[in-house]
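Asker: I have a structure I would like to understand better, so I am pasting it below and will then ask my questions one at a time.
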Amino acid sequence: MTDREAISSPVGIIAAGGPMPFAVADALIAHQRMPVLFALKGLATPTDVARFRHHWIPVGQLGALFRLLRDESCRDVVFIGTMVRPALSEIRLDLKTLRVMPQILKAFRGGDDHLLSSIGRIFEREGLRLCGIRDVAPDLLMPAGCLTRRAPDAEAEADIATGRALLTSLSPFDVGQAVVIIDGHVIGVEGIEGTDDLLARIARLRHEGRIRAKAGRGVLVKAPKTAQDLRYDLPTVGARTIDGVASARLGGVAIAAGQSILADPQGMIAAADKANLFVVGLKP
């Protein structure tokens, strides 16, 4: 789906953790569409959820979720937010979930993209339409070009190229969406810990003297996997990312334009300018 005007209203937002579900809800309101939040218990932030029409859903209650989506006349649905993959023992199953459990068990054997795409197909079989940020809130996507006063120099551009090539090579393995490259060397690859902890690891290695490159060198490169379903789990950067990059004493951030989300873009750019870091959107 590419035509934003084709999106119906209300739009169901399956809200996990972090600020992004609410940024999407605000963007929908700005475009005269009503959001209805289906907040995942234990993940979504209650104080922010309360600002919108909402329902709380335990993880594993697909029957209740589908019923509420139909009751609210939500045909179009967005998954958004930070989601820690739950242990199967933590999921509270209802009858509908039990019926599709073979598909869910199979989905859990793959990486995160495989899991989300498999869950998405279950939704589509219920007559729901899974949408991406590009469909419902394109203003939240990373634009192409440099957003900051500082721009990457030739050495940083070379590191960015290395990072992009590495992420492309890693894509078939459905691992992380971020790498850190310093002076052509692969210093870190994002795993299950996420980008914030990757950057904390780089900062610790700097502190321990394991990384001897001059401060201000190196780039965090973020991009989705080459075959990733762009409706789910897009890379996200925000002011917190910039804080991590500054603590790791890197030079800046390069992120795929049009395929990544900016959380609080004004705050992020201000933080990057203050720390003399670059933020650049990479054309596909």
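The values are calculated or read from the model by the stated rules, or taken from the named source; none is laboratory data. The structure displayed is predicted, hence computed values, not measured ones. With ideal geometry, Cβ positions are generated from the backbone for all residues, glycine too; neighbour counts draw on all protein chains shown.
Asker: Counting only residues that are out of contact with any Leu (no Cβ under 6 Å at 6 or more places or on another chain), closer than 21 Å to Gly194 by Cα, in a helix (DSSP H, G or I) and among the aliphatic types (A, V, I, L, M), how many does the range 236-284 have?
Answerer: So the answer is 6.
Asker: Further, regarding this structure: Pick out the one residue from Val84, Val59, Val24 that is β-branched (Val, Ile, Thr) and either modelled with pLDDT of 90 or more or not in a loop (DSSP other than H, G, I, E, B) (or both). Talk me through it step by step, then tell me what you get.
Answerer: Working: Val84 fails: either modelled with pLDDT of 90 or more or not in a loop (DSSP other than H, G, I, E, B) (or both); Val59 fails: either modelled with pLDDT of 90 or more or not in a loop (DSSP other than H, G, I, E, B) (or both).
Only one candidate qualifies: Val24.
Asker: Now for a different question. Does Ala257 satisfy the condition of being over 25 Å from Asp183 (Cα atoms) and at pLDDT 95 or above?
Answerer: Criteria not met by Ala257.
Asker: If you don't mind, another one. Test of understanding: among Arg204, Arg217, Arg249, which residue is without any contact (Cβ under 8 Å) to a residue 12 or more places away in the chain and farther than 30 Å from Val78 by Cα?
Answerer: From the options Arg204, Arg217, Arg249, the qualifying one is Arg204.
Asker: Something else about it: Could you tell me which residue of the range 29-54 is surrounded by the fewest Cβ atoms within 10 Å (Cβ to Cβ), considering only residues that are among the small types (Gly, Ala, Ser) and at pLDDT 95 or above? Can you show your working first?
Answerer: If we filter the range 29-54 for residues that are among the small types (Gly, Ala, Ser), which is where we start, we get 30, 39, 42, 44, 50.
Checking which are at pLDDT 95 or above leaves us with 39, 50.
On the way: Ala39: 24, Ala50: 10.
Step by step, filter the range 29-54, then rank; the result is Ala50.
Asker: Among the residues of the range 27-56, how many are part of a loop (DSSP other than H, G, I, E, B) and either farther than 18 Å from Leu128 by Cα or not charged (D, E, K, R) (or both)?
Answerer: Keep residues of the range 27-56 that are part of a loop (DSSP other than H, G, I, E, B), which gives 31-34, 41-45, 50-53.
From what's left, either farther than 18 Å from Leu128 by Cα or not charged (D, E, K, R) (or both): 31-32, 34, 41-45, 50-53.
Of the residues in the range 27-56, 12 are part of a loop (DSSP other than H, G, I, E, B) and either farther than 18 Å from Leu128 by Cα or not charged (D, E, K, R) (or both).
Asker: So, in the range 56-76, of the ones that are buried (at least 17 other Cβ atoms within 10 Å of the Cβ) and in contact with a helix residue (DSSP H, G or I) (Cβ under 6 Å, 6 or more places away or on another chain), which residue ends up nearest to Gly127 (Cα to Cα)?
Answerer: Per the stated criteria, the residue is Leu62.
Asker: Mind checking which residues of the range 225-260 are in contact with a strand residue (DSSP E or B) (Cβ under 8 Å, 6 or more places away or on another chain), over 28 Å from Leu205 (Cα atoms) and of a type in the set (A, V, I, L, M)?
Answerer: Ala257
Asker: Only one of these conditions is not met by Ala254: (1) free of Cβ contacts under 8 Å to residues at least 24 places away in the same chain; (2) surrounded by 15 or more Cβ atoms within 10 Å (Cβ to Cβ). Which number is it?
Answerer: The single condition Ala254 does not satisfy is (1).
Asker: Report those strands (runs of 3 or more DSSP E) wholly inside the range 156-235 carrying at least 2 residues which are surrounded by fewer than 23 Cβ atoms within 10 Å (Cβ to Cβ).
Answerer: The qualifying strands (runs of 3 or more DSSP E) are 185-189.
Asker: Right, another one. Is it the case that Ala257 is in contact with a Pro (Cβ under 7 Å, 6 or more places away or on another chain), under 19 Å from Asp139 (Cβ atoms) and assigned by TED's automatic domain parsing to the domain that holds Pro152?
Answerer: Values: in contact with a Pro (Cβ under 7 Å, 6 or more places away or on another chain): yes; under 19 Å from Asp139 (Cβ atoms): yes; assigned by TED's automatic domain parsing to the domain that holds Pro152: yes.
Here the answer is yes, as Ala257 does meet what is asked.
Asker: Given the residues Arg121, Arg92, which is the only one that is at pLDDT below 95 and part of a helix (DSSP H, G or I)?
Answerer: Step by step, each of Arg121, Arg92 is checked, and only Arg121 is at pLDDT below 95 and part of a helix (DSSP H, G or I).
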